[in-house]
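The values are calculated or read from the model by the stated rules, or taken from the named source; none is laboratory data. Note that the structure is predicted; figures quoted are calculated from it, not measured. Here Cβ is always computed from backbone atoms with ideal geometry, including for glycine, and neighbour counts include all displayed protein chains.
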Amino acid sequence: MNEAKSVSSHTTPRLYSFGGTAAIVTSVGLIVGFGAAAVSRATIVSGLVIIALADNISDSLSIHIYQESENLEARAAFRATLTNFIARLAVSMSFVAIVLLTPPSAIVVASLAWGVLLLGALTHGVARLRNVSPGREMLKHIVVALAVVAASRMIGGWIAANVR
């Protein structure tokens, strides 16, 4: 029997958690890496907007095709895809606002703080729905995100020092 699956109320965080997490970690990584490479504010904003659109559309399409391959009901697959896209776009644009509105010397710190706050809130909400310890989950997720950010900083510093 070929029955389409639908999205239940318990899977609602799945609609935005991937997109939100991807936007947070990617945006902070990009800002910190570009900060280490000492690029202009315009370059940072360009990178964030390009990722917010191009990578977001690519990921959203990938999620949509995956959901279709899992035989998720067409309306539920579309809703999940659209919700992911909107969540990721909104989060990415919040980082664009930080870059545009924050003094250059504070962009990295402000972005890190905003990213940790957003990732912590998202993780806390998902952990509560799963009935697991929010503190432990938040710590795990923030440590992984900070590892990505540290790698981005090292890459940005290396490129600034070695690529001319």
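A few points about this structure:
- So residue 110, is it in contact with a helix residue (DSSP H, G or I) (Cβ under 6 Å, 6 or more places away or on another chain), free of Cβ contacts under 8 Å to residues at least 40 places away in the same chain and either under 21 Å from residue 154 (Cα atoms) or assigned to a helix (DSSP H, G or I) (or both): yes
- Filter result for residue 75 (basic (Lys, Arg), exposed (fewer than 15 other Cβ atoms within 10 Å of the Cβ) and touching a Leu at 6+ places or on another chain (Cβ under 8 Å)): no
Yes/no matrix, rows are residues, columns are (1) of a type in the set (Phe, Trp, Tyr); (2) closer than 30 Å to residue 40 by Cα; (3) not in a helix (DSSP H, G or I):
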position: 60; (1), (2), (3): no, yes, no
position: 75; (1), (2), (3): no, no, no
position: 83; (1), (2), (3): no, no, no
position: 86; (1), (2), (3): no, yes, no
position: 99; (1), (2), (3): no, yes, no
position: 114; (1), (2), (3): yes, yes, no
position: 120; (1), (2), (3): no, yes, no
position: 138; (1), (2), (3): no, no, no
position: 142; (1), (2), (3): no, yes, no
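- Residue within the stretch 144-155 that is at pLDDT below 95, farther than 18 Å from residue 21 by Cβ and among the β-branched types (Val, Ile, Thr) present: no
- Residue list for the stretch 125-155, restricted to those being free of Cβ contacts under 8 Å to residues at least 40 places away in the same chain and of a type in the set (Lys, Arg): 128, 130, 136, 140
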